[in-house]
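The values are calculated or read from the model by the stated rules, or taken from the named source; none is laboratory data. Since the model is a prediction, treat every value here as computed from it, not as a measurement. Ideal geometry is used to build each Cβ from the backbone, glycine not excepted, and the neighbour counts take in all protein chains shown. Ligands, DNA and RNA are stripped out before the accessible areas are found, and what is left, the full protein with its side chains, is counted by its heavy atoms. Shrake-Rupley method; radii C 1.70, N 1.55, O 1.52, S 1.80 Å.
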Amino acid sequence: MENNLLENQLIKRCRNGESTAFTELIKRYRKQLFTYLWRLCGDKLEAEDLMQETLIKAWKGILSYKHESKFSSWLFTIAHNVAMDYYRKSKVRSSIFVTDELRAADYNNPHTELIRNELRDILECAVNSLPEKQREVFLLREHSGMTFKEISVATKEPLNTVLGHMHYAMEKLKKALRVKNVI
Amino acid sequence: MSFKNTLICEEFRSEVWRYIDGTFSEEERSFWESHLSSCLSCKMLLDETEKGLSLYENLELEDLSDENFDLMLKKATGAKRFLQYFSQVFNIKTRIWKTNSIKLNPAFNKIALSTAAFAIVLAVMLIIYPLKPKINIYFKEETTKEPLNTLDDSDVSGKGNNTPAEIPLREENKITDTEKAIGNEEEYTEAKHSTGIKHETMDWGGEKVKKSIDGVSNSLSIIDAKDNWKDHGMDQWAMKTKAISVEIQRLEKELNNSSL
């Protein structure tokens, strides 16, 4: 409750053009947002670009934020749209959502990341190998804290379709974990 | 507790997320809890799903460097927000379509008023500028207009329906063929004015030439009808007649040229 009040105050200050308030507000979701974008596109540099674009749009658009949804949902919806726009634009060249093999290779590359434990690798590879829509829904659900109804609005898909994506995503994740006897 | 694969179990597979999210009503929750207590497959499904999620949720989140993050924020907040600027100037609430009120913020009154004044002046200038040629024609027409002594325009042209905007301007200080034929511009001008023939009519060409000829002929017949012209000064009437005759010739010539 107190957290929400503080967030509302920060939003109000952002509307008045206080960049420090915006910094404080974004810091709360910095990691979730960046992780979401990184795991969605599978590339750190691309994720940074998308993060930058998301922040610009959030700063410009905060005046139109209507408090009808949680701020985190609003912010992640922007991030999702930015990623989808970027994906559509770059589709002609090549998908930013690289193939599973490439993505797996990237995650197994010792130069791209620090040492990962086995479980982390399993989960990340499993998530990255998910089909696009399933990954979108799964990541939104896990990182934004949005309800399925909100995800349905953000992805412009029916609620049942969103639930279906989540179901299949989770099945694949569990399958990967079962193979390694984690669950 | 036993393994089942009933229709209820099938339904639970599609409802498991609502169960995890806790978006069930109390009645629904109690129903599913009682089912889970007796169905091992559904219980396993729920446990696996929750465990998988918790494993994923426990993964360390990715992060970007503080330096990059600060640069991003700086760039983002440096972006101009036009909507914000205008909302500050006019204190328009963001959801203006719902509030129905626009209040002027005293702090921005001066900026608002000066912006509005500038916009109005600009708008007026933009409206007036395209009309400038027409206005010029109108004013020139007004300044070159001379009082008519004997005959008005309708008498000369026959109908007198020429508007100032429709009449092309005669070039200033240019002596026409008619004037050369007479040889005396002052006399010619005087004659024109005294007969009521406006120079626009005399210099008129194109489709209305015939109308002008008719008008001038009409004037001539009126003059001819005046038996007592000699009593009022022969030179004046002779000049008028001469001017009209020359003008008729010129106009006929123009008519012929235009018909060719």
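Burial annotation for region B:10-48: residues with an accessible-area loss of at least 40 Å² between the isolated chain and the complete set of protein chains, computed on heavy atoms with a 1.4 Å probe, are B:Trp17, B:Asp21, B:Glu48. Peptide packing for A:152-158, A:164-170, B:116-122 was compared via the average number of neighbouring C-beta atoms within 10 Å per residue; ordered from the highest value, the list is A:164-170, A:152-158, B:116-122. Other protein chain C-beta atoms within 10 Å of residue C-beta, averaged over B:50-60: 6. A probe of 1.4 angstrom, applied to the heavy atoms of all protein chains, finds B:Val246 with accessible area near 20 square angstrom. When the P(r) of region A:1-71 is calculated, the portion above 13 Å amounts to 68% of the C-alpha pairs. On a 29 Å Cα-Cα criterion, which of the cross-link pairs A:Lys70/A:Lys175; A:Lys66/A:Lys133; A:Lys60/A:Lys149; A:Lys31/A:Lys57; A:Lys60/A:Lys89 come out too long? Distance filter (> 29 Å) returns A:Lys70/A:Lys175. Legend: mean number of C-beta atoms from other chains within 10 angstrom of residue C-beta atoms, peptide A:26-35, equals 4. In this view, the solvent-accessible surface of A:Ile183, computed with a 1.4 Å probe and all protein chains in place, comes to about 50 Å². When the surface is traced with a 1.4 Å probe over the full set of protein chains, A:Arg88 keeps roughly 140 Å² accessible. Per-residue mean of foreign Cβ neighbours for A:16-25 is 3 (Cβ atoms of other chains, 10 Å radius).
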